[in-house]
Amino acid sequence: MFPRSIYKAFFWVFLVAGCGEEPASKAPIDPPANLELALQDPVPPVISAYGFFRQPMVAMIPVDGVVPYQVASPLWADGAEKERFIALPPGTTARIGDDEEADRWVFPEGTVIIKNFWFGMDRRAPETTMRLMETRLLVRSAEGWVSHTYVWNESQTEATRHVAGKRFNLAYTDLEGAEATQLYIVPNTNQCNHCHELDDVNHTLGLVTRQLQRTVVRDGIDVEQLSWLHEQGVVSGRPPVVEQPLVNPAGDAPLDARARSYLEGNCGHCHRTGGNGGTSGLTLLARETHPAAYGICKSPIAAGPGAGGRTADIVPGEPDSSIFIYRMQSTDPEIKMPEIPNMEVDTFGVDLISEWILSLSGACQ
Amino acid sequence: MYCRFIALPLLCSLIFACESGDDDIDSPAAPDAAPMVDAGPMLPEGCDHFVEPGGDEETVLQAALINAQMGQTVCLGAGTFSFLGEVSTSVDGLTVRGAGADETILDFTNQDLGANGIYVSGDGVTLEDFQVLNAKGDGIRGDSVDGIVFRRLKVIWENDNDSSNGAYGVYPVGSTNVLVENCVVKGASDAGIYVAQSSNILVRNNEAYGNVAGIEIENSTDAEVVDNHAHDNSAGILIFTLPELPMKEGERCLVHRNLIENNNVPNFGRAGSVVSNVPGGTGAMILAADETEFTENIVRGNHTTGLMLITYIVELLGPYMDDGYDKYPERNWIHDNTWMENGAMPMSVVGDFGVVDGPDIIADGCYDNVQADEMRRNCVAEAGADYGVLQICGDLSYALGDLSLFDCVGTDVSEIDL
């Protein structure tokens, strides 16, 4: 595990040492984050230029000033594991938003949100067979959040920027020890924005209090993440606790909360007013209280063949008659949900939402 | 867990195989790149970027669309581009121009990712002179944009009457200032030209055939559908207002000077969609929409009927939960059209009602079109048309009716200037 002192030192060393006051030297061990490069046009062609991670980078050990965070209900990404980090410019902090999305964190210009995607090439021992696939960045520019994607090379020494995406045929060993393959797709820049856009403006998705208000393990101890991030200096003031945070869909919260959290984490970025699935009329945020708005007995107006002959998004008690399940189970690009970029069905999600629909009572007219 | 001490690159590379070796460059300089020109004598006039088919054409074209600057023109050479994924553009003011709808073909036959062939999210985008072939889902979707032009495009599914074809051909949704002109759309398993939840719309001079619905304007306001040829679909032109959509209003659509003929393909839409319930053989249908003006069209040879003026009937079209939804068609104004040889062989639910000799115009008996109710009543002035009433809300009977019930003068709807 990570030495305790390093966590404590994160932010303060970052402040003292500064970053980007002068160009980074060529290949230092544990270089400071060259955050300001993220605001250049074009941004660096390789991930190492930023200095987010110690060498060897593939271990994903962040340098001081690059702070990890976790969300309660993550987006399924074809089974990839994800590691998330925040890098703030020197002397700055995030604050809590005051718009209608009151628990959204607001970050200063120059902030970079970093997300690494990796697989265990032997699914029986993922931690020792890690293969980094891509690192996605969201950069807070003067105009708003800008997305960039870096694809890791085979030798795992460097990641190169790709604007148009990339396809991988991954060969791996499955949980039974058998050889298996999967198609993994790195999204192009437009596809990044497709999920992050709300009314044509990019946002972060996970950095809202309702996703961050959870327990995380730091230094081997369970800590409350909001307090921890505040202690790290990431956010000014301890964020007000929200009444209905999202929960871990695989945890032990009540079924309804787990299902609604899953749907928000996996569908709510598009299926909400202003989102790219907003025209469907579905609002898959956990706080939505109008049953038809989150799918109960909602007819498939413009779902086209996505309806699969079913008459409602959710038919209480009947998962097999519900469009949600039909689309979550599909790999047909015209039918499947989410539309992009997944290629693999999230069987955990299908089971969870099926169980939830089965538990619902009532009948559609 | 976010930190790991493992010794790794070697181990990883032993078990890992990737599609294209260590080629990690997606710039046009890559050895297998398709030809792309940004400057010099090879750049066609009026183009800022020029991409031709060949090599890694999907990556090169997608990168060109992402890297283009606002207001630029990306030109596509003649030939066939093949794609596995959806092609998208988000740059405002971009023009994407092919060498002609029969010359530049964007072939999505092997598509495995993305619910559209082309996805447009930038404002003020113009798409012209190319063809989208066999998209796995919708052909071209413009989503929540202000200003979009579809011009001289073809959106084609090669299979005839195939319910596995994509749903919508030309598909602007949630948008304003929409122009669709001189396009050809064939084979959509829902609607060929489908304008949804939009406003300020002009659809002119297009040909739509072989679709379930040729042209559909849905939950949209201020539209003009003019000089189109909608033929050999299941239904020619649909003006719909449906429940449970964010855009509640559907009003002021001017449908005029269209040729709506021989829309007699049995409905091949996939069950579950609203459009799959429209009887084949329907020339046009106004469903729960308000203030449509339907005039100077030629409506002929449609086997079920020329025009249906219909309330949203749950039993036929499916349930909804939307308290704010008005299911009745109101203040529609149908006049001075040419009606010929409609209703020869009513199909589907209309045939099931026992209608043998279908009329030019069918209404339902769900709403009493009383004279006094000027805020709601529909007006019809058609000397040469016959008319029948399906008592869908009553005893399910059918009878030829008297158009004098609709004898009033409606409100003209303005043309759209874009």
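Return the residues of the range B:262-297 that are part of a loop (DSSP other than H, G, I, E, B), modelled with pLDDT of 95 or more and small (G, A, S); say none if nothing qualifies.
Within the range B:262-297, B:G280, B:G281, B:A288, B:A289 qualify.
Are there strands (runs of 3 or more DSSP E) fully within the range B:116-155 with at least 3 residues that are within 15 Å of B:G71 (Cα to Cα)? List them.
B:125-128, B:146-151
Taking the range B:34-55, which residues are within 13 Å of chain A (Cβ to nearest Cβ) and not in a loop (DSSP other than H, G, I, E, B)?
Correct list: B:M36, B:V51.
Return the residue satisfying two criteria in turn: it lies in the range B:110-150 and is of a type in the set (S, T, N, Q) and more than 17 Å from B:V185 (Cβ to Cβ), and of such residues it is surrounded by the fewest Cβ atoms within 10 Å (Cβ to Cβ). Outline the logic, then answer.
To start, the set of residues in the range B:110-150 that are of a type in the set (S, T, N, Q) comprises B:110-111, B:116, B:121, B:126, B:131, B:134, B:144.
If we keep only those that are more than 17 Å from B:V185 (Cβ to Cβ) as well, we get B:110-111, B:121, B:126, B:144.
Details: B:N110: 10, B:Q111: 23, B:S121: 21, B:T126: 17, B:S144: 22.
If we take residues in the range B:110-150 being of a type in the set (S, T, N, Q) and more than 17 Å from B:V185 (Cβ to Cβ), then B:N110 is surrounded by the fewest Cβ atoms within 10 Å (Cβ to Cβ).
Here's a check for you: in the range B:184-213, which residue that is hydroxyl-bearing (S, T, Y) and part of a loop (DSSP other than H, G, I, E, B) is surrounded by the most Cβ atoms within 10 Å (Cβ to Cβ)?
Across the range B:184-213, the extreme among qualifying residues is B:S189.
Output yes when any residue across the range A:342-354 is within 9 Å of chain B (Cβ to nearest Cβ) and of a type in the set (G, A, S), and no when none is.
No, the range A:342-354 contains no residue that is within 9 Å of chain B (Cβ to nearest Cβ) and of a type in the set (G, A, S).
Of everything in the range B:56-84 that's surrounded by 24 or more Cβ atoms within 10 Å (Cβ to Cβ) and small (G, A, S), which residue is nearest to the other protein chains (Cβ to nearest Cβ)?
Top of the filtered list is B:A63.
Which one is farthest from B:T338 (Cα to Cα) among residues in the range B:357-387 that are touching a Pro at 6+ places or on another chain (Cβ under 6 Å) and outside any strand (DSSP E or B)?
Going through the qualifying residues, I end up with B:G358.
Would it be correct to say that B:G93 is among the small types (G, A, S), closer than 20 Å to A:T189 by Cβ and surrounded by fewer than 21 Cβ atoms within 10 Å (Cβ to Cβ)?
Yes, satisfied.
Does A:L255 satisfy being at negative phi and buried (at least 16 other Cβ atoms within 10 Å of the Cβ)?
Details: at negative phi: yes; buried (at least 16 other Cβ atoms within 10 Å of the Cβ): no.
In short, no.
Take the residues in the range B:93-115 that are within 14 Å of chain A (Cβ to nearest Cβ) and part of a strand (DSSP E or B), then tell me which one is nearest to B:A213 (Cα to Cα).
The residue in question is B:A115.
With small (G, A, S) and either more than 14 Å from every other protein chain (Cβ to nearest Cβ) or at positive phi (or both) as the only criterion, which of A:S280, A:S322, A:S261 stands out?
Among A:S280, A:S322, A:S261, only A:S261 is small (G, A, S) and either more than 14 Å from every other protein chain (Cβ to nearest Cβ) or at positive phi (or both).
Identify all residues within the range B:96-109 that are buried (at least 21 other Cβ atoms within 10 Å of the Cβ) and on the phi > 0 side of the Ramachandran plot; write none if there are none.
If the condition is that a residue be buried (at least 21 other Cβ atoms within 10 Å of the Cβ) and on the phi > 0 side of the Ramachandran plot, then no residue fits.
Hey, can you tell me all the residues within the range B:156-183 that are of a type in the set (D, E) and assigned to a strand (DSSP E or B)?
Scanning the range B:156-183 gives a single hit, B:E181.
Quick check on my filter: what residues within the range A:327-338 are in contact with a Phe, Trp or Tyr (Cβ under 9 Å, 6 or more places away or on another chain) and free of Cβ contacts under 8 Å to residues at least 12 places away in the same chain?
Matches in the range A:327-338: none.
Taking the range B:246-269 as the search range and keeping residues that are buried (at least 24 other Cβ atoms within 10 Å of the Cβ) and among the β-branched types (V, I, T), which one is farthest from B:G410 (Cα to Cα)?
Only one residue fits best here, namely B:I260.
Show the residue pairs that are 6+ apart or on different chains and have beta-carbon atoms under 6 Å apart, the first residue being within the range A:67-82 and acidic (D, E), the second being crowded, with 19+ Cβ neighbours inside 10 Å and part of a loop (DSSP other than H, G, I, E, B).
So the pair list comes out as A:D78/A:N342.
Take A:Y184 and tell me if it is in a strand (DSSP E or B), of a type in the set (S, T, Y) and at the interface with another protein chain (Cβ under 8 Å from one of its Cβ atoms).
no
Considering only the range B:315-362, state which residues are within 24 Å of B:M375 (Cα to Cα) and β-branched (V, I, T).
Matches in the range B:315-362: B:I334, B:I361, B:I362.
Is at least one residue of the range B:59-74 in a strand (DSSP E or B) and closer than 21 Å to B:G142 by Cα?
Yes, the range B:59-74 contains at least one residue that is in a strand (DSSP E or B) and closer than 21 Å to B:G142 by Cα.
On the given criteria, is B:V380 in contact with a helix residue (DSSP H, G or I) (Cβ under 6 Å, 6 or more places away or on another chain) and among the aliphatic types (A, V, I, L, M)? Steps first, please.
Details: in contact with a helix residue (DSSP H, G or I) (Cβ under 6 Å, 6 or more places away or on another chain): yes; among the aliphatic types (A, V, I, L, M): yes.
Answer is yes for this residue.
Would you confirm whether any residue within the range A:127-148 is of a type in the set (D, E) and within 16 Å of A:F53 (Cα to Cα)?
yes
Residues checked against (1) within 14 Å of chain A (Cβ to nearest Cβ); (2) crowded, with 23+ Cβ neighbours inside 10 Å; (3) touching a Phe, Trp or Tyr at 6+ places or on another chain (Cβ under 9 Å):
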position	(1), (2), (3)
B:A271	yes, no, no
B:G281	no, yes, no
B:T292	no, yes, yes
B:T295	no, no, yes
B:R300	no, no, yes
B:L307	no, yes, yes
B:I310	no, yes, no
B:L316	yes, no, no
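Give me a count of the residues in the range A:283-311 that are more than 7 Å from chain B (Cβ to nearest Cβ), among the hydroxyl-bearing types (S, T, Y) and outside any helix (DSSP H, G or I).
Matching residues across the range A:283-311 total 2.
Which is within 26 Å of B:S88 (Cβ to Cβ), over 20 Å from the mean Cα position of the chain (by Cα) and modelled with pLDDT of 95 or more, of A:T135, A:T160? First the steps, then the outcome.
Numbers: A:T135 fails: over 20 Å from the mean Cα position of the chain (by Cα).
None of the other options fit; the residue is A:T160.
Inspect the range B:289-299 for any residue being touching a helix residue (DSSP H, G or I) at 6+ places or on another chain (Cβ under 7 Å) and closer than 21 Å to B:L242 by Cβ and give the result as yes or no.
no
Suppose we keep only residues that are free of Cβ contacts under 8 Å to residues at least 12 places away in the same chain and within 12 Å of chain B (Cβ to nearest Cβ) within the range A:190-246. Which one would you say is nearest to the chain's Cα centre (by Cα)?
A:N190
Would you pick out the residues in the range A:325-341 that are within 14 Å of another protein chain (Cβ to nearest Cβ) and assigned to a loop (DSSP other than H, G, I, E, B)?
A:S330, A:T331, A:D332, A:P333, A:E334, A:I335, A:K336, A:M337, A:P338, A:E339, A:I340, A:P341
The values are calculated or read from the model by the stated rules, or taken from the named source; none is laboratory data. Since this is a predicted model, take the numbers as computed values, not measurements. Every residue, glycine as well, gets a Cβ built from its backbone with ideal geometry; the counts of neighbours run over all protein chains shown.
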